[in-house]
Amino acid sequence: MKETSSSRIFQGINALIMTLVVFFTLYPFVYLIAQSFSSEAAVYGGKVSFYPVDFTALTYKVILSKPDFFHYYGNTILYAAVGTLIAVTATSVMAYPLSKDKLRLNKFFIPFVLFTMYFGGGLIPNYILVAKTLDMRDTIWALVIPGAISAFNVILMKTFFASLPNELEESAKVDGLDVYGIFLRITLPLSKPILATITLFVIVGIWNSWFDASLYIQSKEKWPVALYLRQVIETAISPTEIGASSEQANQIAATVKSAAMVLTSLPIICIYPFVQKYFVQGMMIGSVKG
Amino acid sequence: MEGSSKVFEVSPLWKHVRKEWKLYSFLVLPIIYFLIFKYAPMIGNVIAFRKYRGGPDFLGTEWVGLQYFKMFMKDPTFWRAFTNNLVLSISYLIVRFPLTLIFALLINEIRRLKLKKFVQTVSYLPHFISMVILAGMVKEMLSAAGPINALLGHFGVEPIAFISLPQWFPTIYVTSGIWQGLGWGTILYLAAMTGINTELYEAARIDGASRLRLAWHVTIPGILPTIMTLLVLDIGGIMGSNFEKILLLYNPLTYESADVISTYVYRMGITGGNFSYATAVGLFEGVIGLILVTTANTISKKTTKSSLW
């Protein structure tokens, strides 16, 4: 088709708008990285904008020379691993029978799950249940159990299971597999894309979560890295606590927040471009009504 | 509803359960989980009407009627939080809803596939950033020596202490929300757009329709069900707010415009230990939210035939 001149003008304006969106999306990251490598004087003088001024990597050296940061990172990795295992297993076990139209009681069970998307117990009743009644305080379980199954993820997986061709299960039945065998050896292996999606949703959720830990985890040594980062940002942790000598303290104070933010978001940003398609796919399956 | 339909007469329910017990057995643990972690807290809301004396008994000790509701209804701090909540949610909704739609339409117009992919990838990224990092970023960007004040300085503006001025909070709340959610919000629209029959575009183009007319007469009607569904969800969410973000960004200096119902519940309940009082406020919020989403859904069902359930 021939390009009209008005169409070309439109494409030009659109490209300009997209460039601006990309710029404003990425700029805060650029600024944080630039600030974290700049000198105290440059940071406080408002001289940093796009690139490091008076380049120094001192803050990173100090943070990474102490075990603290790695320790909190380790906690987060542990919580993410255990939490993901529980969440993905429980979600698929629940979603499988819900995907079978022949189960008559699903007429009751599906609304039972869906209702929790629109109404919840609220902050205080949840807190009392987890902290007081079940007394999960200061354990990993307070972080990984209460949110393990979400209605959204169940519906997502149920929709995917329902879209698998029935013939495969039928022929497996003829081969003598029972329901459990079919689920483990036929359905799950065919469901790798949705398992990847749910796994990633759960990992990102746990990686980024700090609020539940602030409610339930009293011992500082059990904190996830996001909660530690929060304390750094709120300046509740002094430069000397992080490991700076007194002459380094000012430099550290100026750039420790941005350096810690860079270090914490790095894994997500590095992995993200490669796994993005699974997130998008999850959203699309989820948009099909449950 | 149950037991009386014809299907049940053909084969009794117990026979059906006995035949399919292996499939039903999958549901035993998950249902127990839902009862404990989703439904028990809903029942736990009774402490809004009962005295809770601490400890493991989450149902409280004695009935006090509407005492806590009367208390918060008389509390000006509650009404401040209520108003702030509406102001923040509605201004965010008004800004975000059209912007997301326009952004989706513009992405859809990009011809070069690689460029399109790149824009999408970049614009989805902030959605995955932890709220702690988002709040930290906002504070760094807006600090006295930060880039925003440096830029304003070029125009002779004195540094503004954005984070401690209540009049700036709604702008910060909405702008940071757009930064984090604009791209991700387009996904469902873009998915719906790929589902539109391309023949419609061809036919309209032969009729000489301009790009704007195509968007207005073909694309928007094609994604109307998606627009309505998202609008229903958003209206249902008006009583909610980005609790974590506000908790991380507000401070006593900005409570005046930043304190919302959920942060008020947090301070009253978790920090202050007034569990029953805070539960009453939280329940009030939850019930209004449920009424809003149900009403919006019914209206959407009647007018556009698209609904959540």
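The values are calculated or read from the model by the stated rules, or taken from the named source; none is laboratory data. What you see is a predicted model; the values in this text were computed from it and never measured. Cβ coordinates were reconstructed from backbone atoms using ideal geometry, including for glycine residues, and neighbour counts include every protein chain displayed.
Could you grab me the full set of residues in the range A:214-226 that are part of a helix (DSSP H, G or I) and surrounded by 22 or more Cβ atoms within 10 Å (Cβ to Cβ)?
A:Val225, A:Ala226
Of the numbered conditions (1) over 29 Å from the mean Cα position of the chain (by Cα); (2) at pLDDT 95 or above, B:Lys15 fails exactly one; give the number of that condition.
(2)
With A:Phe70, A:Phe23, A:Phe10 as the choices, which residue is in the same structural domain as A:Gln251 (by TED's automatic domain parsing), without any contact (Cβ under 8 Å) to a residue 24 or more places away in the chain and over 30 Å from B:Phe34 (Cβ atoms)?
Within the list A:Phe70, A:Phe23, A:Phe10, the selection yields A:Phe70.
Can you tell me how many residues within the range A:177-199 are within 17 Å of B:Phe128 (Cβ to Cβ) and surrounded by fewer than 21 Cβ atoms within 10 Å (Cβ to Cβ)?
Count: 2.
Within the range B:290-306, restricting attention to residues that are within 13 Å of B:Leu224 (Cβ to Cβ) and of a type outside the set (D, E, K, R), which residue is farthest from the other protein chains (Cβ to nearest Cβ)?
B:Thr303
Among the numbered criteria (1) more than 29 Å from the chain's Cα centre (by Cα); (2) part of a helix (DSSP H, G or I), which single criterion is violated by B:Leu190?
Result: B:Leu190 passes all but (1).
Out of A:Val174, A:Val144, A:Val130, I need the residue that is aliphatic (A, V, I, L, M), crowded, with 19+ Cβ neighbours inside 10 Å and away from chain B (no Cβ under 11 Å). Which one? Full working, then the answer.
Details: A:Val174 fails: crowded, with 19+ Cβ neighbours inside 10 Å; A:Val130 fails: away from chain B (no Cβ under 11 Å).
Only one candidate qualifies: A:Val144.
Can you name the residue in the range B:239-262 that is more than 10 Å from chain A (Cβ to nearest Cβ) and within 19 Å of B:Thr279 (Cα to Cα) and, of all such residues, is surrounded by the fewest Cβ atoms within 10 Å (Cβ to Cβ)?
Across the range B:239-262, the extreme among qualifying residues is B:Gly240.
Here are some residues: A:Ala142, A:Ala131. Which one is closer than 18 Å to B:Tyr33 by Cα, at pLDDT 95 or above, part of a helix (DSSP H, G or I) and under 22 Å from the mean Cα position of the chain (by Cα)?
Details: A:Ala131 fails: under 22 Å from the mean Cα position of the chain (by Cα).
After ruling out the rest, the residue left standing is A:Ala142.
Here is a check on your reading of the model: is A:Thr235 in a helix (DSSP H, G or I), in the same structural domain as A:Ile63 (by TED's automatic domain parsing) and surrounded by fewer than 18 Cβ atoms within 10 Å (Cβ to Cβ)?
When the stated conditions are applied, A:Thr235 does not pass them.
Any residue that is within 19 Å of B:Asn251 (Cβ to Cβ) and more than 7 Å from every other protein chain (Cβ to nearest Cβ) - is there at least one of those in the range B:100-117? Full working, then the answer.
From the range B:100-117, those within 19 Å of B:Asn251 (Cβ to Cβ) are none; that's our starting set.
Within the range B:100-117, not a single residue is within 19 Å of B:Asn251 (Cβ to Cβ) and more than 7 Å from every other protein chain (Cβ to nearest Cβ).
Output the number of residues of the range A:26-61 satisfying the condition of being β-branched (Val, Ile, Thr), away from chain B (no Cβ under 13 Å) and within 27 Å of the chain's Cα centre (by Cα).
So the count comes out to 1.
When the residues of the range B:134-158 are narrowed to those that are surrounded by fewer than 16 Cβ atoms within 10 Å (Cβ to Cβ), part of a loop (DSSP other than H, G, I, E, B) and of a type outside the set (Asp, Glu), which ends up nearest to the other protein chains (Cβ to nearest Cβ)?
Taking the candidates together, the pick is B:Ala144.
What pairs come up if the first residue lies in the range B:116-134 and is within 14 Å of A:Phe274 (Cβ to Cβ), the second is among the hydroxyl-bearing types (Ser, Thr, Tyr), and their beta carbons are under 7 Å apart, counting only those six or more places apart or on different chains?
Correct list of pairs: B:Leu125/A:Thr25; B:Leu125/A:Tyr272; B:Phe128/A:Tyr272.
Taking the range B:253-303 on its own, how many of its residues are assigned to a helix (DSSP H, G or I), touching a Pro at 6+ places or on another chain (Cβ under 7 Å) and farther than 16 Å from B:Met239 by Cα?
1
Would you pick out the residues in the range B:53-69 that are surrounded by 12 or more Cβ atoms within 10 Å (Cβ to Cβ) and away from chain A (no Cβ under 14 Å)?
B:Val64, B:Gln67, B:Phe69
Can you tell me which residues in the range A:82-112 are at the interface with another protein chain (Cβ under 7 Å from one of its Cβ atoms) and either of a type in the set (Asp, Glu) or within 25 Å of the chain's Cα centre (by Cα) (or both)?
The answer is A:Ala90, A:Val93, A:Met94, A:Tyr96.
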